[in-house]
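The values are calculated or read from the model by the stated rules, or taken from the named source; none is laboratory data. All values reported here derive from a predicted model rather than from experimental measurement. Positions of Cβ are backbone-derived with ideal geometry, glycine not excepted, and every protein chain shown enters the neighbour counts. Heads up: the accessible areas ignore ligands, DNA and RNA and are worked out on the full protein's heavy atoms, side chains in. Shrake-Rupley method; radii C 1.70, N 1.55, O 1.52, S 1.80 Å.
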Amino acid sequence: VIESDSTVQHARGPFASGDRVQLTDPRGRHNTIVLRTGGTFQSHHGYFRHDDLIGQPEGSVITNTEGVEYLALRPLLADYVMSMPRGAAVVYPKDAAQIVTMADVFPDATVVEAGVGSGALTLSLLRAVGDGRLVSIERRADFAEIARGNVRAFFGAEPASWQLQVGDFADVIGQVCAPGTVDRVILDLLAPWENIAAAATALTPGGVFCAYVATTTQLSRLAEALRADGRWAEPSAFETLVRGWHLEGLSVRPDHRMQAHTGFLLIVRRLADGVTAPMRKRRPAPGAYGEDYQPHDDLDDWSPEELGERPVSDKKVRKILRGLASDTASAADITPAPDVAPEGTS
Ligand SMILES: C[S@@+](CC[C@H](N)C(=O)[O-])C[C@H]1O[C@@H](n2cnc3c(N)ncnc32)[C@H](O)[C@@H]1O
């Protein structure tokens, strides 16, 4: 268990030493720096002193020694997630927003999430539960450390509402949450169907189970496993496509590029104990379970690679952890997402 005892506050007001600041140059490229008294931001075209930004209001423009102007703002949660150090794939902000709203994560809720990976979804869930409780379960100790580093870097400290546990969801949840006390279970892991029983035990009647999966085979297997388990209402599933727009004079049109696929969300409610889900009135479409339908028993033997997971080398994880440990962590240590401009150094 990683203890946390500090109350986290959102950074506001004039820039101070220790603040994370996103600089936007005249070409729209971002550089993220951590302000330090006596520090400098050096680029190929001049530099400025951090001291000249410290004390200035957020949204200020700072000019460097070569006359290059930078707009200075604290990164939003979505900005931070898209540029933060990552081991595993992250839940993108568009999906995190859907999870918070469609799984109805409310202030004061008791929420359990697994796996934690790099902690991207964790940031949104911590914001949403407020003074509630978020238990984050991750089977890989090194990924849990990356998530902890990202939570600390974003909030400035570990929120008192947060409990990070290393282990398998199904083993850990019963140790940290009494049966029937959890309001929401959010899973972002390869085989959510293996965790249905543990989630059902932990959830309160009416509680929400939400799973984020990358492939249709996972989605189908999960839906059928939930129906077979019988302790759930009908699941619903959807994906979220967000298309950015170019806004320039008369050239107002969709962007040429977009994130075409991230994952699907499945959401389902826990029934009260002893209740049988009402029979569905609507019959499945002809052929949905026809002769060609393959029940998923033969999918017990799956591998992460078959489900599309890319292995992360120990060397990369060590590099990320070194970067997070460094007080002067800068965007140079950060792996930018493919659609984010490369970041510079402070
Ligand atoms: C895609 S990553 C999660 C990303 C994370 N939600 C984020 O937004 O950064 C999936 C993680 O689930 C973890 N995992 C897989 N099965 C697990 C299980 N049964 N219990 C706990 N963690 C698990 C993996 O180690 C991996 O770190």
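Structure data summary
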quantity: Residue check, residue 185 away from the ligand (no atom under 11 Å from the Cβ), more than 30 Å from residue 323 (Cα to Cα) and open to solvent by less than 20 Å² (accessible area, probe 1.4 Å); calculated: yes
quantity: Boolean, residue 265 is more than 16 Å from the ligand (Cβ to nearest atom) and within 22 Å of the chain's Cα centre (by Cα); calculated: no
quantity: Complete set of residues in region 150-167 that are within 12 Å of the ligand (Cβ to nearest atom) and surrounded by fewer than 19 Cβ atoms within 10 Å (Cβ to Cβ); calculated: 166, 167
quantity: Any chance residue 197 is surrounded by fewer than 16 Cβ atoms within 10 Å (Cβ to Cβ), farther than 29 Å from residue 81 by Cα, at pLDDT 95 or above and within 15 Å of the ligand (Cβ to nearest atom); calculated: yes
quantity: Residue match in region 4-24 (condition: open to solvent by less than 40 Å² (accessible area, probe 1.4 Å), over 20 Å from residue 156 (Cβ atoms) and modelled with pLDDT of 95 or more); calculated: yes
quantity: Hits in region 235-263 (condition: of a type in the set (S, T, N, Q), over 29 Å from residue 196 (Cα atoms) and assigned to a strand (DSSP E or B)); calculated: 251
quantity: Within region 99-129, considering residues that are away from the ligand (no atom under 13 Å from the Cβ) and polar (S, T, N, Q), the one surrounded by the most Cβ atoms within 10 Å (Cβ to Cβ); calculated: 110
quantity: Residue 62 vs. criteria in a strand (DSSP E or B) and at pLDDT 95 or above; calculated: yes
quantity: Unique match (being in contact with a strand residue (DSSP E or B) (Cβ under 8 Å, 6 or more places away or on another chain), in a helix (DSSP H, G or I), within 16 Å of the ligand (Cβ to nearest atom) and touching a residue at least 12 places away in the same chain (Cβ under 8 Å)) among 223, 170, 147, 211; calculated: 147
quantity: Any hit, region 70-79, residues being open to solvent by less than 70 Å² (accessible area, probe 1.4 Å) and in a loop (DSSP other than H, G, I, E, B); calculated: yes
quantity: Scan of region 30-69 for residues that are loosely packed, with under 15 Cβ neighbours inside 10 Å and in contact (Cβ under 8 Å) with a residue 60 or more places away in the chain, ordered by number; calculated: 42
quantity: Flag for residue 88 being within 13 Å of the ligand (Cβ to nearest atom), closer than 26 Å to residue 34 by Cα and open to solvent by 10 Å² or more (accessible area, probe 1.4 Å); calculated: yes
